[in-house]
1. Taking segment 241-276, which residues are within 24 Å of ALA435 (Cβ to Cβ) and in a helix (DSSP H, G or I)?
2. For segment 20-42, what are the residues that are open to solvent by less than 100 Å² (accessible area, probe 1.4 Å) and in contact (Cβ under 8 Å) with a residue 12 or more places away in the chain?
3. List, please: which pairs have Cβ atoms under 8 Å, are six or more places apart or on different chains, and start with a residue in segment 137-153 that is surrounded by fewer than 21 Cβ atoms within 10 Å (Cβ to Cβ) and end with one that is of a type in the set (Ser, Thr, Tyr)?
4. Could you tell me whether ILE132 is out of contact with any Ser or Thr (no Cβ under 6 Å at 6 or more places or on another chain), modelled with pLDDT under 95 and farther than 30 Å from LEU246 by Cβ?
5. Being in contact (Cβ under 8 Å) with a residue 60 or more places away in the chain, in a helix (DSSP H, G or I) and open to solvent by 50 Å² or more (accessible area, probe 1.4 Å): is that true of GLN379 here?
6. Please count how many residues of segment 55-97 are open to solvent by 40 Å² or more (accessible area, probe 1.4 Å), among the polar types (S, T, N, Q), at pLDDT 90 or above and touching a helix residue (DSSP H, G or I) at 6+ places or on another chain (Cβ under 8 Å).
7. Residues of segment 125-183 being in contact with a strand residue (DSSP E or B) (Cβ under 6 Å, 6 or more places away or on another chain) and either closer than 25 Å to TRP89 by Cβ or not β-branched (Val, Ile, Thr) (or both), which ones?
8. Quick one: is GLN343 part of a helix (DSSP H, G or I), more than 30 Å from LEU125 (Cβ to Cβ), at pLDDT 95 or above and polar (S, T, N, Q)?
Amino acid sequence: MPLRRASILAASLLTLTACTHFEPRPLQPETIAEKYHTLSLNDDDLRAFLQTAAPQLAEPWPRPSWDLSALTLAAFHFNSDLQLARAEWQTAEATVASAAMRTNPSLTVTPTYNVDAQSGTSPWLPGVSLDIPIETAGKRRLRISKARHLAEAARLNFIGAAWQVRSELRSALIELTAAQRRFALLQEQLSVQQRITDLLQQRFELGAASAADLSPARLATTRLQLDLAEAERQQKDAQSNLARALGVPLHALTGVPLNFALDPAPALDVAQSRRLALQHRADIAAGLAEYAASEADLQTEIAKQYPDIHLGPAYEWDQGESKWSLGLGLELPLNRNRGGIAQAEARRDESAARFRALETGVIAQIDQVNATHRLTRDQLARARTLHEALANDIARQDLRLRAGDIDQLEYQTSKLEAAVSAVAVLDIETRAAQAAGELEDALQQPLAAIDALQ
């Protein structure tokens, strides 16, 4: 008996020493803020990340300029929303390991006191019993299957979050590039408009022009000055949006050269676009994984109709006599788990309905953005043709000015028309780039890669 007690004590101590112990990791808001404000695109950790993910982007360092590809990887490194999605994915992966764990047996000690014990005999009757659960009907396998499908959905949601980060980054780059170009074009336009206003002011002073001729020019100059101030504000907002998309403070973009062009993307066939979306969109694949998880959940609830078995070996020391017994227990499935099955069936139907809504919404989104993309491409082609004609006309007007056929006011008016046309072309280029970005978002596939495949 002493040996048996010692064995039980040793086993208990061994179990306790194998336990995982809690390690506190307190969050310090001040430390997090300080670290955030030190982030930079010249960061050594970012360079190490690029060397692993895309070595060609890590040399030379610091980078002479940052394009969409390099900035996308920088956002993947810094963006806190993506870090959250990665943590959620890791949590789902940990759930798989948890689902695979078998239920622990339980140990029950039942000391009994015999009030009628004979003299010289211990009145205590120590007893020990075990409860060993045995899952039936493949419940553990189904539980693991459900967890794996949910982990896959979390992985795909992480990919979707990465694409969302890229989408926000691209939109901010379009916004910033358009605002910078607009500012420069408006400066040129203001210079020409100011020249026209000065010429009309001279004519007004000489009596060759009326106040009605001069007033519109002054108003146009004022409007352009206001537009220029608005373009400057838009630049600052776009820089803030770009910093937020990257996950770095605004000052980290100071002096960083950016390389991004508002080039029109190639047109795609609608049927091909739908096919690409169904192949590449992470949310479509995640929806399928979630539906598979709901089916595994329903199978688990159906398996619960079959009760688990509980083996109960027991030992009792009865005044010098060892007594062993073996119990067998199970839950009586009187309700056949109808409630759980009904809920699981409803959840599967809900998952199927959610997926159908997602897929039809994706198809409608692709049809819409495809149409917008084609329309803006056509508008851009026409606008560029018109602007090219006006630019060519300036060259002819310059020759006529030198020949004395036209005066300076007529020449500056032609330049103003071309300057206004340049801003209009920029507006359509911006819309075309935004439409191309929306098409990329709908496909979750870079259009440049698709063009290369074609």
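The values are calculated or read from the model by the stated rules, or taken from the named source; none is laboratory data. Small disclaimer: the values here were computed from a predicted structure and weren't measured. Positions of Cβ are generated from backbone atoms using ideal geometry, with glycine treated the same way; all protein chains shown enter the neighbour counts. All accessible areas refer to the heavy atoms of the entire protein, side chains included, with ligands and DNA or RNA removed. Shrake-Rupley method; radii C 1.70, N 1.55, O 1.52, S 1.80 Å.
1. So in segment 241-276, the residues within 24 Å of ALA435 (Cβ to Cβ) come out as 241-242, 244-246, 258-276.
Across segment 241-276, the qualifying residues are ASN241, LEU242, ARG244, ALA245, LEU246, VAL270, ALA271, GLN272, SER273, ARG274, ARG275, LEU276.
2. Those that are open to solvent by less than 100 Å² (accessible area, probe 1.4 Å) and in contact (Cβ under 8 Å) with a residue 12 or more places away in the chain: TYR36, LEU39, SER40, LEU41, ASN42.
3. ALA137/TYR306; LYS139/THR300
4. Details: out of contact with any Ser or Thr (no Cβ under 6 Å at 6 or more places or on another chain): yes; modelled with pLDDT under 95: yes; farther than 30 Å from LEU246 by Cβ: yes.
So ILE132 passes the test.
5. no
6. Of the residues in that region, 2 qualify.
7. Filtering segment 125-183 down to residues in contact with a strand residue (DSSP E or B) (Cβ under 6 Å, 6 or more places away or on another chain) leaves 125-134.
The answer is LEU125, PRO126, GLY127, SER129, LEU130, ASP131, PRO133.
8. Numbers: part of a helix (DSSP H, G or I): yes; more than 30 Å from LEU125 (Cβ to Cβ): yes; at pLDDT 95 or above: yes; polar (S, T, N, Q): yes.
Here the answer is yes, as GLN343 does meet what is asked.
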